[in-house]
There are 2 protein chains.
Amino acid sequence: MKRAVFTTPQEAETAFYEAFEKSDLDAMMGVWADDDEIVCVHPGGPRLSGIEQIREAWRRMFAAGPTLRFKLREPHAMNGMTVVVHSVYEQISAGGDSPRQPIIATNVYMRTESGWRMIVHHASPAPAAPESDGKRGPKTLH
Amino acid sequence: MKRAVFTTPQEAETAFYEAFEKSDLDAMMGVWADDDEIVCVHPGGPRLSGIEQIREAWRRMFAAGPTLRFKLREPHAMNGMTVVVHSVYEQISAGGDSPRQPIIATNVYMRTESGWRMIVHHASPAPAAPESDGKRGPKTLH
């Protein structure tokens with residue numbers, strides 16, 4: 001399969017969420033770097049590392065889950081020369097349901113020989129009111 | 001105050017966890033880049049961004065909390081030229097208590113004019129058995 005080449009980290013991020021919304025496993029895996037060190041953490045889940053573990057988790061998620069819709073809020077970007085970090089709030093909804101608890105995602109992209117690819121997706125639930133005045137959420141484990 | 005200069009990302013990471021264990025706010029903030037885009041997510045908490053929000057959260061955490069001890073497990077590193085990503089499991093204990101639920105942390109460092117500095121700390125609770133064979137944890141929100 002011919003893989004897409006992303007010329008910017010933003011193109012890779014757009015493709016990531018499009019593949020997520022379409023439950024398109026090939027498109028999703030085309031976004032990731034083919035590397036043993038890549039890391040994916042789904043909300044509440046374990047750390048998955050390497051292309052095989054990460055593919056298998058997406059495969060099962062796409063097979064089992066409902067179609068999701070994403071709105072991204074409050075994007076932050078921190079740009080290195082070959083590695084770029086995006087931080088976003090994901091507002092997710094499924095079908096006609098009301099939006100779920102927001103998710104905080106750290107998405108990291110690396111410039112490879114075949115364009116920009118995702119190397120980290122770390123997602124975790126945000127407390128209900130992310131736009132608070134800096135007060136801590138109801139439950140902090142640190 | 002004279003700030004430490006970290007010549008490698010690993011030095012910055014070591015200083016981060018030492019400052020965390022000592023509840024040393026000045027040392028902690030000396031690890032972070034002085035930038036509006038930096039991001040810190042404590043487990044279960046909101047996304048904090050910019051040096052002021054991040055400092056205030058550490059200040060309150062250090063003032064309120066017990067002394068913590070960290071063991072880091074299963075480190076992964078993804079190295080760009082000016083940005084480096086570390087992924088670790090934090091095994092945390094407080095005083096004589098038994099270890100708490102493990103935390104998955106994504107730590108990102110950037111090479112600045114004054115050495116390597118932290119730009120992202122995203123920490124979230126791992127399920128109880130992180131060394132599973134890739135099975136998803138008991139609760140995934142995606």
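All conditions in (1) loosely packed, with under 14 Cβ neighbours inside 10 Å; (2) facing chain B (nearest Cβ under 9 Å) hold for A:A64, with the sole exception of (2).
Being part of a loop (DSSP other than H, G, I, E, B) and either touching a Lys or Arg at 6+ places or on another chain (Cβ under 6 Å) or not acidic (D, E) (or both) is the filter here; which residues of the stretch B:72-98 pass it? If you could, list the steps in order and put the result at the bottom.
As a first pass, look at the stretch B:72-98 and keep what is part of a loop (DSSP other than H, G, I, E, B): B:80-82, B:95-98.
B:G80, B:M81, B:T82, B:G95, B:G96, B:S98, listed by residue number.
Within the stretch A:102-142, restricting attention to residues that are assigned to a loop (DSSP other than H, G, I, E, B) and modelled with pLDDT of 90 or more, which residue is farthest from the other protein chains (Cβ to nearest Cβ)? Ranking the qualifying residues of the stretch A:102-142, first place goes to A:S114.
Can you name the residue in the stretch B:73-97 that is hydrophobic (A, V, I, L, M, F, W, C), within 19 Å of B:A15 (Cβ to Cβ) and out of contact with any helix residue (DSSP H, G or I) (no Cβ under 7 Å at 6 or more places or on another chain) and, of all such residues, is farthest from the other protein chains (Cβ to nearest Cβ)?
At the first step, the residues of the stretch B:73-97 found to be hydrophobic (A, V, I, L, M, F, W, C) are B:77-78, B:81, B:83-85, B:88, B:92, B:94.
Still in the running and within 19 Å of B:A15 (Cβ to Cβ): B:77, B:83-85, B:88, B:92.
Next, from what is left, pick out any that are out of contact with any helix residue (DSSP H, G or I) (no Cβ under 7 Å at 6 or more places or on another chain): B:77, B:83, B:85, B:88, B:92.
Values: B:A77: 7, B:V83: 3, B:V85: 5, B:V88: 9, B:I92: 7 Å.
If we take residues in the stretch B:73-97 being hydrophobic (A, V, I, L, M, F, W, C), within 19 Å of B:A15 (Cβ to Cβ) and out of contact with any helix residue (DSSP H, G or I) (no Cβ under 7 Å at 6 or more places or on another chain), then B:V88 is farthest from the other protein chains (Cβ to nearest Cβ).
Scanning the stretch B:41-54 for residues that are closer than 21 Å to B:W116 by Cα and touching a Phe, Trp or Tyr at 6+ places or on another chain (Cβ under 8 Å), which turns out surrounded by the fewest Cβ atoms within 10 Å (Cβ to Cβ)? Across the stretch B:41-54, the extreme among qualifying residues is B:I51.
Okay, residues lined up against (1) within 23 Å of A:P127 (Cβ to Cβ); (2) in contact with a helix residue (DSSP H, G or I) (Cβ under 9 Å, 6 or more places away or on another chain); (3) part of a strand (DSSP E or B):
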{"position": "B:D36", "(1), (2), (3)": "yes, yes, no"}
{"position": "B:E52", "(1), (2), (3)": "yes, no, no"}
{"position": "B:P66", "(1), (2), (3)": "yes, no, no"}
{"position": "B:F70", "(1), (2), (3)": "no, yes, yes"}
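Kindly indicate which of B:A33, B:A19, B:A27 is among the small types (G, A, S), away from chain A (no Cβ under 12 Å) and closer than 19 Å to B:S87 by Cα.
Working: B:A33 fails: away from chain A (no Cβ under 12 Å); B:A27 fails: closer than 19 Å to B:S87 by Cα.
From the options B:A33, B:A19, B:A27, the qualifying one is B:A19.
Scanning the stretch B:35-53 for residues that are in contact (Cβ under 8 Å) with a residue 24 or more places away in the chain and of a type in the set (G, A, S) turns up just one, B:G44. Kindly indicate whether A:F20 is in contact with a Ser or Thr (Cβ under 8 Å, 6 or more places away or on another chain), over 23 Å from B:M78 (Cα atoms), at pLDDT 95 or above and hydrophobic (A, V, I, L, M, F, W, C). Criteria not met by A:F20.
Please specify each residue of the stretch A:38-50 satisfying the condition of being more than 7 Å from every other protein chain (Cβ to nearest Cβ) and either touching a Pro at 6+ places or on another chain (Cβ under 7 Å) or in a loop (DSSP other than H, G, I, E, B) (or both). Hit for the stretch A:38-50 is A:I38, nothing else.
Looking only at the stretch A:11-34, which residues are of a type outside the set (F, W, Y), part of a helix (DSSP H, G or I) and without any contact (Cβ under 8 Å) to a residue 60 or more places away in the chain? Of everything in the stretch A:11-34, those that are of a type outside the set (F, W, Y), part of a helix (DSSP H, G or I) and without any contact (Cβ under 8 Å) to a residue 60 or more places away in the chain turn out to be A:T14, A:A15, A:E18, A:A19, A:E21, A:K22, A:L25, A:D26, A:A27, A:M28, A:M29, A:G30.
The values are calculated or read from the model by the stated rules, or taken from the named source; none is laboratory data. All of these numbers come straight from a predicted model, not from anything done at the bench. Cβ coordinates were reconstructed from backbone atoms using ideal geometry, including for glycine residues, and neighbour counts include every protein chain displayed.
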